[in-house]
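Student: Here it is: the structure, laid out below.
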Amino acid sequence: MAYMTTAQALVRFLDNQYVSFDGQENKFVDGIFTIFGHGIVCGLGEALDSDRGSLRVYQGKNEQGMAHAAMAYAKQNNRRRILACSSSIGPGAANMITAAATATVNHVPLLLFPADAFSTRQPDPVLQQFEQVNSLAVTTNDAYRAVCRYWDRIARPEQLMSAMINAMRVLTDTAETGAVCISLPQDVEGESYDFPEEFFTKRVHRITRIVPAAEELEDAVSALLEAKRPLVICGGGVRYSEAGEALEKFCERFHIPFAETQSGKTACLSSHSCNLGGLGVTGNSAGNDIAKEADVVLGIGTRFSDFTTASKSLFRQDARIVTVNTSRFDAYKLGAVKVVADAKLAIEALTELLQAKNYRSGWQNEIEEARKAWEEEMKFLSSYSWGEDFKPLIGAGDPRTIPEFREMTGSTLTQTAVVAKVREMIPADAVCVGAAGSLPGDLQRMWTSDSRYSYNMEYGYSCMGYEIAGALGSKLAAPKREVYAMCGDGSYLMLHSELVTSLQEHKKINVLLFDNSGFGCINNLEMSNGIGNLATEFRFRDEAGQLLGDLIPIDFAACAAGYGVKTYRAANMEELEAALKDSLQQDVSTLIDIKVLPKTMTDGYGAWWHVGVASTSRNEAVRDAYAGKEENLKKARKY
């Protein structure tokens, strides 16, 4: 037996967890992020100070930010390695709830240890304790229940053992993984117990591949044999199964095009002849045009979000849906013919069965033509800049904005041209990190890479503020690669505190800050649906009391320079090129404050997005938008 505190036992247990995948074994928990407060420092803090084993302790600057960094670390490691996160009671704990939801939506393992109120209740209400008048058993940490895959509260030291075994069960489950919350009452952290030594022995959690059932394979093959124009969707499950090469060979063998989701991007090579690129609302013309013609859609490792399916309007209503997914929940979506299995094993089995039937799709030269047409569009987007014939790519907007922005910044840069130039100049294996605003659309359409797992986009929750923290997590996971946070000015203002942590850890990240004076993506959405310019641009309040005054000039480079970041300003292509080139020579984190003309992001390409438009309005433009929504709904699947 080992007599120790609950917190000491937790640390010792974490230090002895391993995973094995395809015979390769590695340590699962590499360290722990924390922001100490009174609820955690004397319990878990003491345990980490006295004997942390091989765990590395990281000091976060914002609880949500450090949890985002941990999530990105897990994703960059293809869910084989994680960093745990701990916080104090109350607001510190509440700050991680957003990150928990983000991880669960994206099927990424995230282990959280928020401190909690005293189990004995003797000092209630302790500092920062939330008191629910109808139950003293409810605390802030109960809010995690809605957004975690597994939740537990350790009210007695001996409960730690079953709780942590179940935590590991969920974290290493390919279908169920997501956020796990183990709530730690601050008195219980310091209570001692005789823990059995067996609890601390090395545990190897085997991440096994789910073998497809023969009957389900037969169903899928029957559907595919009827397909004249099939399409494959490459989702995140392809990445985590490391099935990219198998998928490329499958599509090449049967002449089937494939399109990528945000999570699936860079599981396969962008240059592959069957790769159409992005699909859906943030997809390109190649993927969306082919998708509309497909008679069978084979979704592999995708959860079929509204952006991927264009709110279920992208595919023909008579198109059959076939799914491969480790999650039975996701496999059943769209009334699909399902195969509940590991992506790689299912692809290999389908290849063998279809080959035995001498199957080949009926596509002729449509795949090649679609790719070429998109390449021509890319040439335009890459060269698009301010000039005499300049026209915004997004039509609806405040007519004052572009002239004002030009006068304020002197910018000649368009967002699409900047994305293209960045891709051209940075290393081929650089990791691109993003999350929210208009950049995920530009990046899914325009970003190309033949370096696998070089695209870390959080778009399941589209959580503003993930970008910079996510870049830090990616850099911790891939220290030898350049990492770029693609970040709008809105996301930067929302959360950039882990930029300081990157300096503290000597882990260089590069922040490419696209400043267009506001929440440009949502400004596009509101104004294209008939709403006025309401609280989406960064403007002073005017004499009438409205947020419609002058644009607010912000020097983001000066802000970051104060932290010790190497900074640059770019308002034209020459300045951008010089900044990108010089930033590669730096050993410290960098930030390029890029002034991009509003309304110059990509848009459309034939996909519709269902949003809640007002059904009654005095505004004619809103009424027109509602009528358009109703027309699109007629073309969409009902479930």
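The values are calculated or read from the model by the stated rules, or taken from the named source; none is laboratory data. Source: prediction; values computed, not measured. Positions of Cβ are generated from backbone atoms using ideal geometry, with glycine treated the same way; all protein chains shown enter the neighbour counts. When the accessible area is computed, the model is the full protein with side chains, heavy atoms only, and any ligands, DNA or RNA have been set aside. Shrake-Rupley method; radii C 1.70, N 1.55, O 1.52, S 1.80 Å.
Student: Within the bounds of segment 216-230, is there any residue that is crowded, with 16+ Cβ neighbours inside 10 Å and touching a Cys at 6+ places or on another chain (Cβ under 9 Å)?
Tutor: no
Student: Filter segment 237-285 down to residues that are more than 20 Å from the chain's Cα centre (by Cα) and among the hydroxyl-bearing types (Ser, Thr, Tyr) and give me whichever is surrounded by the fewest Cβ atoms within 10 Å (Cβ to Cβ).
Tutor: So the first thing to find is which residues in segment 237-285 are more than 20 Å from the chain's Cα centre (by Cα), and the list is 245-258, 271-276, 285.
From what's left, among the hydroxyl-bearing types (Ser, Thr, Tyr): 271, 273, 285.
Details: Ser271: 9, Ser273: 13, Ser285: 20.
It comes out as Ser271.
Student: Go over the candidates Arg445, Arg423, Arg452, Arg481 one by one and state the one that is within 20 Å of the chain's Cα centre (by Cα) and within 26 Å of Glu537 (Cα to Cα).
Tutor: Among Arg445, Arg423, Arg452, Arg481, only Arg445 is within 20 Å of the chain's Cα centre (by Cα) and within 26 Å of Glu537 (Cα to Cα).
Student: Being open to solvent by less than 10 Å² (accessible area, probe 1.4 Å), closer than 23 Å to Asp15 by Cα and not hydrophobic (A, V, I, L, M, F, W, C), is that true of even one residue in segment 121-142?
Tutor: So far as segment 121-142 goes, no, none of its residues is open to solvent by less than 10 Å² (accessible area, probe 1.4 Å), closer than 23 Å to Asp15 by Cα and not hydrophobic (A, V, I, L, M, F, W, C).
Student: Go through (1) part of a helix (DSSP H, G or I); (2) open to solvent by 10 Å² or more (accessible area, probe 1.4 Å); (3) more than 22 Å from Ala436 (Cα to Cα) for Tyr568 and report which single condition fails.
Tutor: With respect to (1) part of a helix (DSSP H, G or I); (2) open to solvent by 10 Å² or more (accessible area, probe 1.4 Å); (3) more than 22 Å from Ala436 (Cα to Cα), Tyr568 is out only on (1).
Student: Report those helices (runs of 4 or more DSSP H) wholly inside segment 477-549 carrying at least 3 residues which are open to solvent by 10 Å² or more (accessible area, probe 1.4 Å) and either of a type in the set (Lys, Arg) or closer than 19 Å to Pro403 by Cβ (or both).
Tutor: Qualifying helices (runs of 4 or more DSSP H): 520-528.
Student: Hey, can you tell me all the residues within segment 355-374 that are closer than 14 Å to Asp289 by Cα and open to solvent by 40 Å² or more (accessible area, probe 1.4 Å)?
Tutor: Answer for segment 355-374, where residues must be closer than 14 Å to Asp289 by Cα and open to solvent by 40 Å² or more (accessible area, probe 1.4 Å): Asn365, Glu368, Glu369, Arg371, Lys372, Ala373.
Student: Of all residues in segment 174-213 being more than 35 Å from the chain's Cα centre (by Cα) and in a helix (DSSP H, G or I), which is farthest from Ala7 (Cα to Cα)?
Tutor: Glu198
Student: Assuming Leu472 fulfils every condition listed in (1) without any contact (Cβ under 8 Å) to a residue 40 or more places away in the chain; (2) in a helix (DSSP H, G or I) apart from one, which condition is it?
Tutor: Condition (1) is where Leu472 drops out.
Student: Something else now. Where residues in segment 308-354 are out of contact with any helix residue (DSSP H, G or I) (no Cβ under 7 Å at 6 or more places or on another chain), aliphatic (A, V, I, L, M) and open to solvent by less than 30 Å² (accessible area, probe 1.4 Å), which of them is nearest to Asn284 (Cα to Cα)?
Tutor: The selected residue is Ala319.
Student: Further, regarding this structure: Only strands (runs of 3 or more DSSP E) wholly contained in segment 14-107 count here; list those with 2 or more residues that are over 22 Å from the mean Cα position of the chain (by Cα).
Tutor: The strands (runs of 3 or more DSSP E) meeting that bar are 17-21, 24-27, 56-59.
Student: Quick check on Ser192: is it touching a Ser or Thr at 6+ places or on another chain (Cβ under 7 Å) and not β-branched (Val, Ile, Thr)?
Tutor: Taking the combined requirement at face value, the residue satisfies it.
Student: Here is a further query. Quick one: Ala373 ticks every box in (1) without any contact (Cβ under 8 Å) to a residue 40 or more places away in the chain; (2) not in a loop (DSSP other than H, G, I, E, B) except a single one, so which number is it?
Tutor: (1)
Student: Also, quick follow-up: Of everything in segment 582-601, what is outside any helix (DSSP H, G or I) and surrounded by fewer than 22 Cβ atoms within 10 Å (Cβ to Cβ)? Give them in sequence order.
Tutor: So the first thing to find is which residues in segment 582-601 are outside any helix (DSSP H, G or I), and the list is 584-601.
Scanning segment 582-601 gives Leu584, Gln585, Gln586, Asp587, Val588.
Student: Looking for whichever is touching a His at 6+ places or on another chain (Cβ under 7 Å) and in a helix (DSSP H, G or I) here; the options are Glu252, Glu248. Which one fits?
Tutor: Glu248
Student: Conditions: (1) open to solvent by 10 Å² or more (accessible area, probe 1.4 Å); (2) touching a residue at least 60 places away in the same chain (Cβ under 8 Å); (3) out of contact with any Asp or Glu (no Cβ under 6 Å at 6 or more places or on another chain); (4) within 30 Å of Leu472 (Cβ to Cβ). Leu381 meets all but one. Number of the miss?
Tutor: (1)
Student: Here's something else I'd like to know. For segment 115-163, which residues satisfy the criterion of being in a helix (DSSP H, G or I) and within 28 Å of the chain's Cα centre (by Cα)?
Tutor: Those that are in a helix (DSSP H, G or I) and within 28 Å of the chain's Cα centre (by Cα): Thr140, Asn141, Asp142, Ala143, Tyr144, Arg145, Ala146, Ala163.
Student: Would you check if Gly490 is at pLDDT 95 or above and under 15 Å from Asp515 (Cα atoms)?
Tutor: yes
Student: While we're on this one: Being out of contact with any helix residue (DSSP H, G or I) (no Cβ under 9 Å at 6 or more places or on another chain), over 22 Å from Ile35 (Cβ atoms) and modelled with pLDDT of 95 or more narrows it down to one residue among Arg149, Arg206, Arg156, Arg121; which is it? Spell out the reasoning first.
Tutor: Numbers: Arg149 fails: out of contact with any helix residue (DSSP H, G or I) (no Cβ under 9 Å at 6 or more places or on another chain); Arg156 fails: out of contact with any helix residue (DSSP H, G or I) (no Cβ under 9 Å at 6 or more places or on another chain); Arg121 fails: modelled with pLDDT of 95 or more.
Just a single option satisfies the conditions, and that option is Arg206.
Student: Let me spell it out: the conditions are (1) assigned to a helix (DSSP H, G or I); (2) buried (at least 21 other Cβ atoms within 10 Å of the Cβ), and Leu112 meets all of them except one. Which number is the exception?
Tutor: Answer for Leu112: the failing condition is (1).
Student: For residues that are in contact with a strand residue (DSSP E or B) (Cβ under 7 Å, 6 or more places away or on another chain) and crowded, with 23+ Cβ neighbours inside 10 Å, tally how many sit in segment 286-307.
Tutor: Residues flagged as in contact with a strand residue (DSSP E or B) (Cβ under 7 Å, 6 or more places away or on another chain) and crowded, with 23+ Cβ neighbours inside 10 Å within segment 286-307 amount to 11.
Student: Residues Ala560, Ala614, Ala579, Ala636: which one is over 27 Å from Phe405 (Cα atoms) and open to solvent by less than 20 Å² (accessible area, probe 1.4 Å)? Lay out the reasoning, then the answer.
Tutor: Working: Ala560 fails: over 27 Å from Phe405 (Cα atoms); Ala614 fails: open to solvent by less than 20 Å² (accessible area, probe 1.4 Å); Ala579 fails: over 27 Å from Phe405 (Cα atoms).
Ala636 is the lone residue from the list that is over 27 Å from Phe405 (Cα atoms) and open to solvent by less than 20 Å² (accessible area, probe 1.4 Å).
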